[in-house]
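Some notes on the structure that comes next.
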Amino acid sequence: MLGGWGRGQRSLTLQLLKTTVFHNASSRTMEGLALLRDLRTHSMDCSTCKIRFLQPWAHQGLTPKQWQGLETVLHDYLSKFFPLINKVVKDEDEHYPFVLQASIGCELHPNGTSRQFCDAAVNGEDFISFSVDEGTWVARHRHKLALISRDFLNQDKSTTAMAQFLLRTTCINELKSFVQYGKESLERQEKPVAVVFARAPPPSGTPALVLLVCRVTSFYPRPVRVAWLQDGEEVAAGWRLNSSGILPNADLTYQLRSSLAVGPGDGHSYACRVQHSSLGGQSLLLPWGRCMSPGGEGGHNLWVLFLHISSRAGSGQ
């Protein structure tokens, strides 16, 4: 097993995300960002193709001369590709502005197998991709821009051979290297902070369902499991349940909201259970209790909050 490939034995991905906005034939802006799983490792100065290191270990694996060589390869590729795009736009009477996005990288699985990928999109639609095994570029759209780009790249044998080498060899080697040197960053654990609250039905009229909300935030790594318990039993998936999905925070942690619709005064007990790797095999259990805000029947629309937070082993009950 690779050192730094810690808990959960999940697949690891190293990818370069590149976004280019073509404002007109002479103006464009481009951003490049490399990610190891969800860690930002490198960025690229798109005016010079200079690579910046965003982690203290991000320069490991290649010598300074090799990093410089990679910058040269990127510069040479872009110096060919950008004029091609502008020429096709002019010849085919296409229009500015438009956005070109690319995802390039490799994925290493726990069983030792790997996958390489190179995909591009224009204005959010699949555009072109590179088949690493076959060494060919494939148009993902019947648009002339995709077809002409495909033909141009397939004729450029040196670029195709370099793309194969970078994806099959350099990317995989760098991924393995970063897993070693970035072990501490990859294994970082941040415990979730959670709270349960409920929105009450209107003060008058037909009784409505109450929405219980479990807000979980500040956890890392990303995988988390949040479930609602009714009288100690997990509520099955259905119309009563809703989730925001896992969303990023600005501090490199994650958040999620899970809600459950219940009938007011239905006599059941409810709790939100949070399971995360940072809890060491335990669960965070948050019971919900109904408490009126100060003022009694004064028309407040919130039933707050929460009674206590506890950690329990095993099933978390």
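Any read-out appearing in this document is the output of simple, stated calculations on the displayed coordinates, not a laboratory observation. What you see is a predicted model, and the numbers here were worked out from it, not measured in a lab. Quick reminder, even Gly has a Cβ in these numbers, built from the backbone with ideal geometry, and neighbours come from all protein chains shown.
Ranked by the mean number of other Cβ atoms within 10 Å of their residues, highest first, the peptides 124-132, 238-246 come out as 124-132, 238-246. Helix 144-155 axis versus longest C-alpha principal axis of the chain: approximately 60°, rounded to the nearest ten. Kirkwood's formula applied to the C-alpha pairs of segment 1-138 gives a hydrodynamic radius of 16.8 angstrom.
In the chain, the ratio of gyration radius to Kirkwood radius, Rg to Rh, stands at 1.10 when only Cα atoms are counted.
Based on Cα contacts under 8 Å between residues 6+ apart, the chain shows a relative contact order of 14 percent.
Shape class for segment 222-290, computed from the alpha carbon gyration tensor (a ≥ b ≥ c): prolate, with a/c not under 1.5 and a/b above b/c.
In the P(r) worked out for segment 70-193, what percent of Cα pairs fall beyond 20 Å? When all Cα pairs of segment 70-193 are counted, 53 percent exceed 20 Å.
Summing Cβ point charges (Lys, Arg +1; Asp, Glu -1) relative to the Cα centre of segment 12-186 gives a dipole of roughly 340 debye. GNM remark for the chain: springs join alpha carbons under 10 Å apart, and the peak mean-square fluctuation among Leu209, Leu285, Leu36 falls on Leu209.
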